[in-house]
1. Of all accessible surface on the chain at a 1.4 Å probe, what whole percent is carbon and sulfur?
2. Hey, what's the Cα Rg ratio for the range 43-173 versus the globular rule of thumb, 2.2 N^0.38 Å?
3. Once each part is reduced to its C-alpha centroid, what is the distance from the range 167-232 to the range 41-83 in angstrom?
4. For Tyr209, which sequence-distant residues (separation of 5 or more, or a different chain) have an amide H within less than 5 Å of its own amide H, given hydrogens modelled in the peptide plane?
5. Can you list the HN-Hα couplings for the range 148-165, worked out from phi with the Karplus curve (6.51, -1.76, 1.60; θ = phi - 60°), rounded to whole Hz and with x for Gly and Pro?
6. Would you mind checking which residues have amide H under 5 Å from Arg175's amide H? H placed 1.01 Å from N; only 5 or more apart, or other chain.
7. Quick one: dipole size for the range 52-165, taken about the Cα centre, charges +1 on Lys/Arg Cβ and -1 on Asp/Glu Cβ, in debye to the nearest 20.
8. Under 1.5 on a/c is rounded, so check that first for the range 234-357, then, if it is not, pick prolate when a/b is larger than b/c and oblate when it is not; a ≥ b ≥ c are the square roots of the alpha carbon gyration tensor eigenvalues.
Amino acid sequence: MAKRRIGVLTSGGDCPGLNATIRGAVRTLNGTLGADNVEIVGIYDGFLGLIQDKCKVLTSSDLTGLLTLGGTFLGSKRTPFKKMEKIEEDGLDKIAAMKSTYAKHGLDAILALGGKGTHKNANLLSQHGINIVGLPKTIDNDIYGTDFTFGFHTAVEIGTEVLDRIHTTAFSHERVMVVEIMGNKAGWLALYAGLAGGADVILIPEIPYDIAKILQAIQARKDACKPYSMVVIAEGALTVGESKMKKSERAAMRQGNTATYSVVKAISDAGFESRAVVPGHMLRGGTPCAADRVLSTQYGARAAELICAEKYGYSVAVVGGKVTENRFADMAGIAKLVDANGDIVKVARGIGVSFGD
């Protein structure tokens with residue numbers, strides 16, 4: 001059997017589970033094809049590494065201890081899709097450079113771990129004849145065609161812990177604590193962390209809010225002898241008015257202030273003592289939780305199976321608890337957003353959570 005050479009890259013923002021996914025894929029490849037028949041080539045710094053030929057054959061020591069290791073040992077850079085086919089001032093043809101690196105290292109396929117942008121890039125390379133399989137990672141859980149992305153569950157747990165800790169301060173000082181959770185266009189993380197952490201108000205991009213409704217919810221709690229409140233806000237949350245504006249118009253109106261700042265100011269101006277808490281990149285740092293370790297292993301194993309079957313141009317997924325795959329052409333670049341009328345939102349509303357609408 002000819003030795004199979006498989007390239008691996010991680011692109012976009014880091015998150016827990018990237019290394020665990022690589023481990024799952026490598027172990028499955030070794031178990032299926034035989035360790036002597038597989039060579040793993042690490043591509044450093046994502047697609048940039050493929051462009052600049054930042055590659056090396058990985059040894060067993062490189063691939064040891066990955067299950068619990070956060071981040072990505074391969075490093076990661078963002079390579080915008082809109083620039084992939086664009087010839088810039090340096091005159092470099094990025095697609096040609098990537099195809100050259102692929103051929104130079106005798107690669108049979110590439111495993112690309114990343115989010116929406118990564119999958120758009122992977123689809124483009126697939127169209128240019130490179131054998132590639134995608135693995136969906138992002139704490140935002142916004143990749144179309146899969147119920148969950150790896151990294152999401154860990155971020156939910158971190159966000160929930162933040163809320164648990166902030167709850168005690170909110171209660172002790174009778175404050176309204178506004179916790180900003182990552183999520184620029186999709187509110188999955190804020191929604192799940194907010195539910196798990198007992199938020200009273202959850203603001204997400206998919207449901208534009210009215211500050212008056214938020215104040216009503218806070219006042220209602222005070223009237224019920226609950227003089228503190230927990231507000232979770234996704235970083236991309238919008239007022240009803242902002243949702244009708246262009247991005248540039250919103251930026252001009254906010255004058256550099258975030259949605260979180262605006263909400264805290266409005267709450268304070270209404271007479272409620274309020275504070276902002278921004279865990280930021282803590283949400284995607286550290287070791288993966290148990291659920292993400294299992295999901296990452298499942299995804300890595302499925303990707304390896306696709307490579308062994310020479311089934312390229314697909315991204316692995318989990319649908320209804322079953323691990324499967326989707327064609328890049330059917331999902332690349334499509335955002336999976338929270339359904340404002342979906343079951344999880346209905347559950348939240350049913351237990352008294354306000355969405356500011």
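1. Result for the chain: 51 percent of the exposed heavy-atom area is carbon or sulfur.
2. This ratio for the range 43-173 stands at 1.33.
3. A separation of 38 Å, based on Cα centres.
4. Leu238, Thr239, Val240
5. Couplings: 9, 9, 6, x, 5, 4, 5, 4, 4, 5, 5, x, 5, 5, 4, 5, 4, 6 Hz.
6. Sorted by chain and number, the residues that satisfy this are Ser229.
7. With Lys and Arg at +1 and Asp and Glu at -1, about 340 debye.
8. Cα axes put the range 234-357 in the prolate bin.
The values are calculated or read from the model by the stated rules, or taken from the named source; none is laboratory data. Since the model is a prediction, treat every value here as computed from it, not as a measurement. Using ideal geometry, Cβ is built from the backbone for each residue, glycine included, and neighbour counts are taken over all protein chains shown. In case anyone asks, the SASA skips ligands and DNA or RNA and just uses the protein heavy atoms, side chains included. Shrake-Rupley method; radii C 1.70, N 1.55, O 1.52, S 1.80 Å.
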